[in-house]
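Remarks on the structure that follows.
Every number here is computed from the coordinates shown, using simple stated rules; none is lab data. Keep in mind the model is a prediction, meaning the values are calculated, not measured. So basically every Cβ, Gly included, is an ideal-geometry build from the backbone, and we count neighbours across all protein chains shown.
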Amino acid sequence: MKNLHMLLVDDETEFLSLVTRRMARRGVEVTSAESGEQALELLENEEFDVVVLDVRMPGMDGIETLRRIKARHPGTEVVLLTGHADTSSAYTGMQLGAFDYMIKPVAFDELFAKIRDAALVSGRA
Amino acid sequence: MGSAFLAIRQFLGRGRRQRTREQLARLREEYRVRCRSFRLLVKANHEALAALADLEELRRAGRPFGMARIRALSVRGLMAGFQMVRQLNRMAPGTYEELFTSLASVQTSVDAVLRRPAAESCPDNVLPLDRLTRQCSRETGGKLARLGEARQRMGIHIPEGFVITASACRRFLDHNDLPQEIDRLLQTTENSSMAGLYELSSTLRSMILRAEVPSGLRVDMQDQLTRMQALSPDPLRLAVRSSALGEDVAGASFAGQFHTELNVPSEHVEDAFKAVVASKYGPAALAYRFHRGIRDSDVDMSVGCMEMVSARVGGVLYTRDPLHPEQDCLHISAVFGLPQAIVDGSAVCDRFVVSRCGRRIVERHVAHKEWRTVCHPGEGTVLEEAVASEQDVPCLTDGQIVALVGMGLRLEEIFGAAQDVEWIIREDGAIALLQCRDLHFPALPEESDAAESAPEELERHPLREPLLRGGVTASAGAAAGVAVAVRSDADALRFPEQAVLVARSARPRWAPLLSRAAAVITEHGASAGHLASVAREYGVPALFSLPGALDGLAEQLDRGAVITVDADRGAVYAGKVEPLLRRPPVRGLMFGSPVHHCLEGVLEHLAPLNLDNPDARSFAPENCRTLHDVLRYCHEMGVREMFCMEPRSGLEKGVSRRLVDGVPLQYWVVDLEDGLEAPEDSDLRTVDIADVRCRPMLALWEGMQAVVWRGPPAVNAGGLVSVMVRSVSDPGLAEGAASPYAVRNYFLISREYCSLQSRFGYHFCTVEAVLGQDPEENYVIFQFKGGAADWERRIRRARLVGDVLEDYGFLVELKEDALYARREGADARTMDALLRVVGYLVVHTRQLDMIMGDSAEVARVDEQIRTDLAEIGARAAGIPPPAGDGTSRRIKGD
């Protein structure tokens, strides 16, 4: 299986660097973005196997970012990640086509398994 | 009908010559998508059921949990349910759209239970204290509202002051965008260690301390301060106190969790206000809510700002004895100066017991009061040495005691319950009321034989000499544990479960430890203090004011030795003194709590299963009323879409080739991609096993062939009758009927993928596996259902096979006569071995159900399966099988 390339969007820099480090050890290349706007910009120029997106960010929130990603890159699978478990926003996210909705703190192995499943669906794994 | 089948139909409709490679590729692709959707559906089913099981476990166990956990599990279950609905719709586009509606309505109901109720907002930022009544308690908390009411109805002195309303406090948090951030932090750190708790608390509090007070509130506070200053010749000093809403939750005392700042100059009131609001997230408060099942949203803070009155004497009055509510007595604890040291648990104080009827002073304990708390000329309070002539005299006169008792009884009358009253006697001799609230009594310990027999037992086995004797019973009972000294927060962080906490003072700061402590001993502190209240609430035996406890127990503390605390009789013993130990008090504090209640509300929409019979007409999307219904429906339909909906007769004629191993076999192979050695040749009707290069199929086939199947097992009479009964009652089994049971055995393969669908008579089984170099990719799924024998026997077989698979590290799910087993992430070598095991089971469990009526036979079969599998395993590893086991069975190959 080829190496996965993942776009991680989260305004928590500590979380970004932790996940990036651990994913690297599993052969996943991580590009990080600290806002929805930045993520959309990156997606214009590069293809990713999967996007992991924090729901609550300053500026454009995760749900809006998801909406735009799906409108412009429908084949890109997005896993939502949130510190605030809320059934309404989760449901909206799924309806907008998120692959899944995970809750922080998330076990690394679970996150890893989930992005693999998502990448499998996007047909890029 | 599944899209793959539509494709197959189209494909076949064109006739053999018209088929192109392109179409075959499309067929394969659709089949792969279908397998993938089914796999995701099954995974999601596991996730959802696990979330439901966790929620049920929370409901049952009574261990503490918070809203964050309920939210997370609800979301997990619902989203996994969504995933199942989505994948089912991918397998059969357009067929199951209605399920989205059913699931959405479950989600809406759950959300309604979980959503924080919008609080009614009051436009006032501040309210003057002396105008409050109990009706204001939604904005001011019960404690402050009672002060106002006592002033108005009884003319009791209360300090001049005002309240910053709960609405104003909420607006303050909203103004700084904090509520969501607080929720997020609570979500991500719940259930963590003691260290996690302290860290969370510190983060939350510093966020609030840094926040900005909205200008409207600042102006209103300033107006009140100006009004108060106008009444006083001296520069205004204030006591800034919490008054939380929700402090009146039945049975919950909230003792000492929140912050109070004394003797605050008016220019610092704003900071003190923030500190009090922040104290909602102090470690004691966080731990308390968690253990009592109180939601964060159940507690709203309001803040009282009162004129600081300097006290000649201060203290606490209980209108009943919290340890013996049946006794007809009031208890007064008093010190010279401010009563702060009593509630903080650090003071040695005078104690008086007064009879309720007749108001006679029945007990007097005059302590040696070396220190007293007074206002510091600058800010705050200080301990100063008491005047020598006052150190050993009672701080209250009999007249003052009687006056206090009178006030207490009137307060009790107005508020309709026993009261916990904080009071002072001003320099001018007048009594002022600082605080009053309902007195909390500990839950009565369950009657236990041990407790009753204790005295007798003690007579028969006289106790050894106690290590220490004395002290005040702050919370009843006796308990044993390792002695651990707690002097600092660092000690608190290290405090182990079920140890005996030994501390200098009964500080409220140690309250978070009480959920883990077996008992508490302190050198200072009164039963009127906050820590005592919490100990009683948790049912932790506590012995306070035991002089020299730390020194006296130095040796035990050093060694980490076990001691027994008898709080009732005021004694501490070395080791574990069994006769003293009662059964541990029941601490089911979660049951009936707001959080538990909420969990039950959520479960009502998630857990019940209404769709129990898949053959019933009511088994339909519109009847899915709970999450569990949706899961059940999706799982059933997913299995049908994957395996049962349509016989594969078309596929068989079109692209399958019969497997030959010397002779033609009853197995057909469909090469999805790259699974056969020889490139596909349109004329070939058969494929030799030697040409198969699909790794998982080869391993599976090894297992299937390893031990020759001896045909249907010898059936006892009952088994045979059971089979005949089923045949008659099931039209699908009638001779020549076009039934799914007639379908033959198929391998669908690629280089690293294999799916086997096999039916043998009534027995229906599938294997799906990926076996490659990357362990992360590898998995094997084995499932079967059905059988020919009666229900009981089929269930017994499923259990037997499930046990075997569990021994091989499979996750096994049994549902009646169906078995679903899965293992993922094993390396290629392990996968190879596992597929042999599965292959063996595919062949040898076919008709086992028929002999499962007889327990001796079950045991024999179990034994045989395990022996065979051990041999297969040994053979794969190159170890010769154990010789001469006396059976006539032979291992193929070599």
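When the chain is fully extended, how far beyond the present Cα-Cα distance does B:THR686 get from B:ARG799, taking 0.36 nm per residue of separation?
Going from the current span to full extension adds 37.0 nm.
Modelled label-to-label distance, A:LEU18 and A:ASP109, 7 Å Cα→beta-carbon offset: nm?
Modelled inter-label distance: 1.8 nm.
Determine, from the Cβ-Cβ distance of B:ARG426 and B:THR397 and an R0 of 25 Å, the FRET efficiency 1/(1 + (r/R0)^6), rounded to the nearest 0.05.
0.95
Can you tell me the length gained on complete extension of the stretch B:ARG63 to B:LEU231, counting 0.36 nm per residue apart and subtracting the Cα distance?
55.2 nm
Can you tell which of B:MET79, B:MET67, B:VAL110 lies farthest toward the positive end of the dipole of region B:46-114, using +1 and -1 charges on the Cβ of basic and acidic side chains (Lys, Arg; Asp, Glu)?
B:MET67
Considering Cα pairs under 8 angstrom that are at least six residues apart, work out the relative contact order of region B:464-509 and quote it in whole percent.
34 percent
For region B:141-147, in order, what is each residue's ³J(HN,Hα) by Karplus, 6.51 cos²θ - 1.76 cosθ + 1.60 with θ = phi - 60°, in whole Hz (x at glycine and Pro)?
Here the 3J(HN,Hα) series is x, x, 4, 6, 4, 5, 4 Hz.
Hey, rough spin-label estimate for B:HIS597 and B:LEU209, points 7 angstrom out along Cα→Cβ, what's it come to in nanometres?
Taking the simple label geometry, B:HIS597 and B:LEU209 are separated by 3.5 nm.
Starting from the 7 Å offset along Cα-to-Cβ, what nm value, one decimal, do you get for the label separation of B:ASP807 and B:ASP271?
Using points 7 Å along Cα→Cβ, the separation is 7.1 nm.
Beyond 19 Å, how much of the Cα-Cα pair distribution for region A:55-104 remains, as a whole percent?
In whole percent, the long-distance tail amounts to 16.
Full extension from B:SER488 to B:GLU677: what is 0.36 nm times the residue separation minus their Cα-Cα distance, to one decimal in nm?
Gain on extension, B:SER488 to B:GLU677, equals 60.7 nm.
Using Cα-Cα distances under 8 Å and only pairs 6 or more residues apart, what relative contact order does region B:449-580 have, in percent?
Relative contact order for region B:449-580 comes out at 35 percent.
State which entries of B:LYS43/B:LYS815; A:LYS70/A:LYS104; A:LYS114/B:LYS815 exceed 19 angstrom in Cα-Cα distance in the structure shown.
The pairs that break the limit, which is 19 Å between Cα atoms, are A:LYS70/A:LYS104; A:LYS114/B:LYS815.
What is the mean projected area of the alpha carbon convex hull for region B:29-96, to one decimal in square nanometres?
One quarter of the hull surface, i.e. the mean projection, equals 4.9 nm².
Checking the a/c ratio against 1.5 first, then a/b against b/c, what shape does the Cα gyration tensor give for region B:248-319?
oblate
Need one word for region B:311-426: rounded, prolate or oblate. Basis is the Cα gyration tensor (sqrt eigenvalues a ≥ b ≥ c); a/c below 1.5 gives rounded, then a/b vs b/c decides.
prolate
Please work out whether chain A counts as rounded, prolate or oblate from its C-alpha gyration tensor, where a ≥ b ≥ c are the square roots of the eigenvalues and a/c under 1.5 means rounded, while otherwise a/b larger than b/c means prolate and anything else oblate?
rounded
Could you list B:ASP130, B:ASP344 so that the one with the fewest beta carbons within 10 Å of its beta carbon is first and the one with the most is last?
In order of increasing Cβ crowding within 10 Å: B:ASP130, B:ASP344.
Mind listing the long-range amide H neighbours of B:ARG356? Cut-off is under 5 Å, sequence gap 5 or more, other chains count too, H placed in the peptide plane at 1.01 Å from N.
B:CYS329, B:LEU330
Could you list B:SER346, B:SER488, A:SER35 so that the one with the fewest beta carbons within 10 Å of its beta carbon is first and the one with the most is last?
Fewest-to-most Cβ neighbours within 10 Å comes out as B:SER488, A:SER35, B:SER346.
Mind listing the long-range amide H neighbours of B:LEU245? Cut-off is under 5 Å, sequence gap 5 or more, other chains count too, H placed in the peptide plane at 1.01 Å from N.
Correct list: B:ASP300, B:MET301, B:SER302.
Which whole-number percent gives the relative contact order of region A:59-119, counting Cα pairs below 8 Å spaced six or more residues apart?
After rounding, I find 36 percent.
If we count other beta carbons within 10 Å of each Cβ, what is the order of B:HIS376, B:HIS440, B:HIS331, fewest first?
B:HIS376, B:HIS440, B:HIS331
Computed FRET efficiency, Cβ-Cβ of A:GLU44 and B:ASP177, R0 22 Å: what is it to the nearest 0.05?
It comes out at approximately 0.10.
Can you give me the convex hull volume of the Cα atoms of region B:449-580, divided per residue and expressed in Å³?
Enclosed volume per residue, from the Cα hull, is 92 Å³.
Long-range amide H contacts for B:VAL669: which residues qualify at under 5 Å (H placed 1.01 Å from N, peptide plane, sequence gap of 5 or more or a different chain)?
Excluding prolines and chain starts, which carry no amide H, the hits are B:ARG657, B:ARG658, B:LEU659, B:PHE747.
Could you run the Karplus curve 6.51 cos²θ - 1.76 cosθ + 1.60 with θ = phi - 60° over region B:341-356 and give me ³J(HN,Hα) per residue in whole Hz, x for Gly and Pro?
Couplings: 5, 6, 5, 7, x, 10, 9, 8, 9, 6, 10, 10, 10, 10, 6, 5 Hz.
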